[in-house]
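Asks: Okay, handing you the structure first.
Values in this text are rule-based calculations from the coordinates and carry no lab data. Please read all numbers here as calculations on a predicted model, not as lab measurements. Here the Cβ positions follow ideal geometry from the backbone for every residue, glycine too, while neighbour counts run over all protein chains shown.
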Amino acid sequence: MHLKKPLIIALIISIISLTAWELYWRTKPDYYKAYLEDSKYLWSEQRAMVDTATSDDIILLGASRSGYNLNTHIWKETQGLIPINLSVNGQNPGSFFDDIVNNTSFNGTIIISVTPVAWFWPKSSWHKGKQWINHYYNQTYAHKLGHFLSKPLQRNLVMLTKTASYNDLDLKSLINQIELEERVSTNIAGGIKLISFGYNDEQRNLYMYPRMTSALHFQKEITNEWDRILINVPDYEDIKDSIPSTINTYKNLIDKFKSRGGNIVFIRHKSEKGWDKYAQKVFPDDKVWNKFIETVKCPSYHYEDYKFMSKYKLPDWSHMNADDAKTYTNDMVNQLIKDKHIKKTTN
Amino acid sequence: MLFNSLSFVLFFCIVLVLYYSKLFNWTNKKRMLLIASYVFYGMWNPPLVILLWISTMVDWTAGKRLAAEENQRKRKMWLLLSMCVNLGFLALFKYGDFLLENFVTIVNAIGIDFQARPMDIILPMGISFYTFQTMSYTIDMYKRKIEPARTFLDFALYVTFFPQLVAGPIVRAKDLITQFYEPKKATMNQFVWGLFLLTIGLFLKVVMADTLLSGTADNVFSSDKLLHGIDAWVGTLAFSGQIFFDFAGYSTCAIGIALMLGIILPDNFRYPYASLGFSDLWDRWHISLSSWLRDYLYIPLGGNRHGITRMYVALMITMLLGGLWHGAAWTFMVWGGLHGTYLILEKLQKQYLPFKITKWNGIFLAFITFSCVNITWVFFRARKFETAWNMIKSMFYMQTDGEKILQSFDIIKVCVVIGILFLCHWIMRNTSMKEVSLKTSPWVLGIIWAVLFFLIVIAQGSGEQFIYFQF
């Protein structure tokens, strides 16, 4: 058996087909670009910094609004220190807060961006975040080496786009885009088909694709999906019994963190009416957010109380575009400095 | 380190460069392979390499003494020492919590109030594989079936050889150690065929198991609801395919990688889902484990030499322990027990209701065998009895109003993949990939190879662990 010929044929076809595949996806810059994607590996690099952080340091926690609206580079320009960015797109930050309080001795400042439909769900919604935390504690040298080796590939190849979005380019996502008649309703959170509308840098800041600001139909792609999914959030009356226990869990963590000298500031970033109507349906501010802030006794910033927080138009109803995020971060940091929650440093 | 990871690609490239460079003589090449094997294992959890060292030292010493010692009592003691250390590691690391949990249950059942904290000991990757491999060496030495390894290096490399260290095939000393005695170098054809096997193995794991089937299997088996019959069957079929592709994928990678170094490892799978009955299944599924269990458990328990009843008992014990080898849970025992029952029923059928297998009834028999195997996978995959029992009830429509959780597309995808898998196994059951490739034009082979590689790349495997690593 002579296998040289099949090997050469396979090599040539593989090179041609993979090049064509890469070039094809490069023709769609509105949706795809090559960058080191956020993942449990990149998150773990930031999480490792917590173990050596001092009381001067700042940690950002939150879901996607923290990622899109607060930019750590601008934060550094304004305050002088780059915060540790532990925000995680699409996940309840509760598990990450719990990790910092219970598994570290960090006693600096934590800025928690609260998206009510993420933050106020019961502790059972922490499981996804725990997977990342477990990865941080259990990652092997092989994992670290693998991630290190994947970086140049991810930075340069568009075809490696894999961001947990509906339109990812890995084979599983591509296959799952084939749609047949629905047997089970997909109008539930698990069936979310959200097309990627942003990308991240290596400090895990999120940036909205320019297409989202430039054309209404791109915005509609996202807001229609919010409408389809969020319409199913339960009414406050159906879940109100779980809220006191959730608030109590956070209060215990906050008290523990404060007792060792830590500071916490909560931020409620803006959401447009289209989104907010669903958030108010399940977690009305007067019954949940206000009660929470009153219980935990932490400084807080609500977008309705500050003009600089509410002046932007959010293309997808929930997040800021990249340019707005820069001025917003600058204003937010200055406000925090003014209110003496953080100090301007000269570093 | 996982075969389906970039770290392994780099690691293996370095190994190949060093192995085929003229820097080292054969002894130093073996030393390099040994160090590489420790690195391969240690990249996961470095301290656990110590277990490998202890296992290696104990069995090397025991083997040497067994070769030199004439006193039967002393020989027995050396064998016992080796067994105690190897099985002791397994008992502590793999079955510690299971034994403790059952001890607490029994003690509580007799009225003593006793609680124990789980030990939560980390399970060393592949411990069941390398302990069985080293045990086979000392047992064969005790029975004087093999010569002792010529050097410690040869033996250490036999225990640790990275392609098959963590998930087999479980290779016998006579088949592997002897290959280390003379310099080995893959021929060009062997090297390229090894690369082809590595591609096939990665395709089975990354594309077939992880991309096409794992999601459906995970959805179904992680559901705490009583499922609709179709969902239960499709989830089970998905797992059936996933575990085959995952494990056969690993074995194929291991064989390919070893072949690229000029080392030949035995086949571990021979199209098992086209088996004609259960004896046939165990000649085709995880062959290196089933032959290990046959030679070191079933035959010593009496095998078929002491009458029918004893044979059935030996068969059942072997399969129950085979189940327990896979994991420390009663669900694995049930899995083994079901296979034991199938084997006994098959022997009874052959005795009292014999029939000739023709090409017409063959595929039907293979389908029946495959269906019965699927029922056992429910117990293998479910973490709790409750889940398994709910699945079985759903599969046999013993409850109505089961919940639908799978989309039409998932059902079609799984049925098509499993259907093709079954037919491929049926077509290939009396041949081999090598024979087929010999009859295939180089162009077709090259195109198939390119398609497989393309799909592996775009699948972008996230480095999912192989299922059998946990065993």
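Asks: Of B:Q72, B:Q133, B:Y20, which is farthest towards the positive pole of segment B:6-185's charge dipole, taken about the Cα centre with +1 and -1 on the beta-carbons of Lys, Arg and Asp, Glu respectively?
Replies: B:Y20
Asks: Amide H to amide H under 5 Å from A:S300: which residues, 5+ apart in sequence or cross-chain, H placed 1.01 Å off N in plane?
Replies: Close amide H contacts, sequence-distant or interchain: A:F266.
Asks: Assigning unit charges at the beta carbon (Lys, Arg +1; Asp, Glu -1) and nothing else, what dipole magnitude in debye, to the nearest 20, does the protein assembly as shown show about its Cα centre?
Replies: Charge dipole of the protein assembly as shown: 2340 debye, to the nearest 20.
Asks: Could I ask something else about it? What value, in deg cm²/dmol to 500, does the helix sum -39500 (n - 2.57) over DSSP H runs of n ≥ 4 give at 222 nm once divided by the residues of chain A?
Replies: -15000 deg cm²/dmol
Asks: How tilted is helix A:273-282 with respect to the longest principal axis of chain A? Cα atoms for both, answer in degrees (0 to 90, nearest 10).
Replies: 70
Asks: Next up: How far is helix A:322-338 tilted off the main Cα axis of chain A, in degrees rounded to 10, range 0 to 90?
Replies: Result, in degrees: 30.
Asks: What's the longest uninterrupted piece of chain A once you rule out the GluC sites (Glu not before Pro) that are loop residues per DSSP with at most 15 other Cβ within 10 Å?
Replies: Formally, the longest exposed-site-free interval is A:1-178.
Asks: So, one more: Leaving out same-chain residues fewer than 8 places away, which aspartates and glutamates sit with a Cα under 12 Å from that of A:K193?
Replies: Correct list for A:K193: A:D168, A:E179, A:E221, A:E225, A:D227.
Asks: Can you tell which of B:L353, A:P234, A:L149 lies farthest toward the positive end of the dipole of the protein assembly as shown, using +1 and -1 charges on the Cβ of basic and acidic side chains (Lys, Arg; Asp, Glu)?
Replies: Result: B:L353, furthest along the dipole toward the positive end.
Asks: Which aspartates and glutamates have a Cα less than 17 Å from the Cα of B:K225, not counting those fewer than 8 places away in the same chain?
Replies: Partners within reach: B:E386, B:D401, B:E403.
Asks: Order these by the 10 Å Cβ neighbour count, fewest first: B:W233, B:W53, B:W330.
Replies: Neighbour counts put them in this order, fewest first: B:W53, B:W330, B:W233.
Asks: A follow-up question, please. For chain B, what is the calculated [θ] at 222 nm in deg cm²/dmol (nearest 500), taking -39500 (n - 2.57) for each run of four or more DSSP H residues and dividing by its residue count?
Replies: -21000 deg cm²/dmol
Asks: Please state the charge dipole magnitude for chain A, taken about the Cα centre, from unit charges on C-beta atoms (+1 on K and R, -1 on D and E), reported in debye and rounded to the nearest 20.
Replies: 620
Asks: Another question, if that's okay. Once you have a ≥ b ≥ c as the square roots of the Cα gyration tensor eigenvalues for segment B:6-185, tell me rounded if a/c is under 1.5, and otherwise prolate or oblate according to whether a/b is larger than b/c.
Replies: In terms of gyration-tensor shape, oblate.
Asks: A further question on this structure: Under 17 Å between alpha carbons, and skipping anything fewer than 8 positions from B:K64 in its own chain: which lysines qualify?
Replies: Cross-link targets: B:K74, B:K76, B:K143, B:K145, B:K174.
Asks: Please rank B:C415, B:C13, fewest neighbouring Cβ atoms within 10 Å first, as an exposure proxy.
Replies: B:C13, B:C415
Asks: Positive end of the charge dipole of the protein assembly as shown (Lys, Arg +1 and Asp, Glu -1 on Cβ, about the Cα centre): tell me which of B:S275, A:L206, A:V288 has its Cα farthest that way.
Replies: B:S275
Asks: Also, quick follow-up: Who wins for biggest fluctuation among A:K193, A:K307, A:K162 in a Gaussian network model of chain A, springs between alpha carbons below 10 Å?
Replies: Among A:K193, A:K307, A:K162, the largest GNM mean-square fluctuation belongs to A:K307.
Asks: Determine, at each q value in 0.08, 0.16 (inverse angstroms), the log₁₀ of I(q)/I(0) that the Debye formula gives when each Cα of chain A is one equal point scatterer.
Replies: Debye output, listed in q order: -0.42, -1.63.
Asks: Report, in whole Å, the centroid distance computed from the Cα atoms of segment B:145-224 and segment B:63-97.
Replies: 26
Asks: Taking the DSSP beta bridges in chain A as the whole, what percent of them are antiparallel, to the nearest 5?
Replies: Around 20 percent of the beta bridges assigned by DSSP in chain A are antiparallel ones.
Asks: I've got another one for you. Consider a paramagnetic label point 7 Å from the Cα of A:F148 along Cα→Cβ; state which residues of segment A:18-50 have an amide N under 20 Å from it.
Replies: Inside the label zone: A:36-50.
Asks: Only Lys, Arg, Asp and Glu count, each charged at its Cβ (+1, +1, -1, -1), so figure out the dipole size of chain B about its Cα centre, rounded to 20 debye.
Replies: For chain B, the charge dipole is close to 1600 debye.
Asks: A further question on this structure: Within 10 Å of each residue's Cβ, count the other Cβ atoms and sort A:L153, B:L6 from fewest upward.
Replies: Ordered by Cβ neighbours within 10 Å, fewest first: A:L153, B:L6.
Asks: Whose amide H sits under 5 Å from the amide H of A:G198, counting only residues 5 or more places off or on another chain, with H placed in the peptide plane?
Replies: A:Y209
Asks: Continuing with this model, one more query. Does segment B:271-326 classify as rounded, prolate or oblate by the C-alpha gyration tensor (a ≥ b ≥ c root eigenvalues; a/c under 1.5 gives rounded; else a/b over b/c gives prolate, otherwise oblate)?
Replies: prolate
Asks: Additional query: From the cross-link list A:K5/B:K434; A:K172/B:K413; A:K40/A:K128; A:K40/A:K291, which pairs have alpha carbons spaced over 21 Å apart?
Replies: Distance filter (> 21 Å) returns A:K40/A:K291.
Asks: Whole-Hz Karplus ³J(HN,Hα) for segment A:49-57, in order, using 6.51 cos²θ - 1.76 cosθ + 1.60 and θ = phi - 60°, x for Gly and Pro?
Replies: Whole-Hz 3J(HN,Hα) from phi for segment A:49-57: 5, 5, 5, 10, 6, 10, 5, 7, 6.
Asks: Convert each backbone phi in segment A:14-29 into a coupling constant with the Karplus relation 6.51 cos²θ - 1.76 cosθ + 1.60 (shift: θ = phi - 60°), then list the ³J(HN,Hα) values in order as whole Hz, x for Gly and Pro.
Replies: Values, residue by residue: 4, 4, 5, 5, 5, 5, 4, 4, 5, 5, 4, 6, 6, 7, 10, x Hz.
Asks: Restricting the count to DSSP beta bridges whose residues both fall in the protein assembly as shown, what percent are antiparallel, rounded to a multiple of 5?
Replies: In the protein assembly as shown, DSSP labels about 15 percent of beta bridges as antiparallel.
Asks: Taking θ as phi - 60°, what are the ³J(HN,Hα) couplings along segment B:41-58 by the Karplus curve (6.51, -1.76, 1.60), each to the nearest whole Hz, with x for Gly and Pro?
Replies: Karplus-based 3J(HN,Hα) across segment B:41-58 equals 6, x, 4, 8, 7, x, x, 6, 5, 4, 4, 4, 5, 4, 4, 5, 4, 4 Hz.
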